[in-house]
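The values are calculated or read from the model by the stated rules, or taken from the named source; none is laboratory data. Remember, predicted model here, so these are calculated numbers, not experimental data. So basically every Cβ, Gly included, is an ideal-geometry build from the backbone, and we count neighbours across all protein chains shown. SASA here: full protein model, heavy atoms, side chains in, ligands and nucleic acids out. Shrake-Rupley method; radii C 1.70, N 1.55, O 1.52, S 1.80 Å.
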Amino acid sequence: MSDLQQRIAEAVAQPKNLGEMSDADAVGTAGSEGCGDMLRMWVKFRQDAQGRKVIDRATFQTFGCETAIAVASVATELVAGKTIAEALDLSGADLASSLGALPPMKIHCAQLVEGALRSALQGDSAPAASGHSEKQQSPAAHTAGSPTLRDSFKPAEGSVRKPNIVFKQPGNTDAPSDS
Ligand code: FES
């Protein structure tokens, strides 16, 4: 197993900041048209000692592959304490940097994380490099019963199309392989 695979496996085994954030200030979602995976990120802000608005913490949920889980895990740790501008400066590769360089076929997984983060921070529909992002939802709307990521992918009434997704929970050992 390569160092990259080892670090991804470790992050997937114990993902940091996984789950919805009930008191988030912003939430953004991105999807990859190529693989059909989705990732949602919640962000809470605070004021730092210099009076700057910085990211207090970020959490995520995803239907993505193990690489996306690992990148989201390290990215949520990386952005804590950064201003919005500083966080927006980070590319998918930057967000994944503590895991190591991703192979070309996995770069879009990091871009999925980047897209969700941008969606949350910008509150607009600026597309991620690898797919698209949804408009930011107000936390009030989110906490007032807007759909969770799981709900978002329930087939519509009468739909014959099933979403190509698998939920992953911390400690889930039967997650699909990252191939
Ligand atoms: Fe779709 Fe990694 S996010 S394969």
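Before moving on, here are some points about what is shown:
- Residue satisfying all of: in segment 104-119; more than 10 Å from the chain's Cα centre (by Cα) and within 11 Å of the ligand (Cβ to nearest atom); most open to solvent (accessible area, probe 1.4 Å) among these: M105
- Within segment 92-102, being within 16 Å of the ligand (Cβ to nearest atom) and either part of a loop (DSSP other than H, G, I, E, B) or within 9 Å of the chain's Cα centre (by Cα) (or both) holds for A96, L99, G100, A101, L102.
- Which listed residue, of G51, G115, G100, is touching a strand residue (DSSP E or B) at 6+ places or on another chain (Cβ under 9 Å) and of a type in the set (G, A, S): G115
- Residue satisfying condition, being farther than 15 Å from E114 by Cα and open to solvent by 10 Å² or more (accessible area, probe 1.4 Å), within set K53, K82: K53
- For segment 28-42, the condition of being surrounded by 22 or more Cβ atoms within 10 Å (Cβ to Cβ), of a type outside the set (D, E, K, R) and touching a Pro at 6+ places or on another chain (Cβ under 8 Å) holds for none of the residues.
- Subset of segment 42-65 (residues that are within 16 Å of the chain's Cα centre (by Cα) and over 16 Å from N17 (Cβ atoms)): F63, C65
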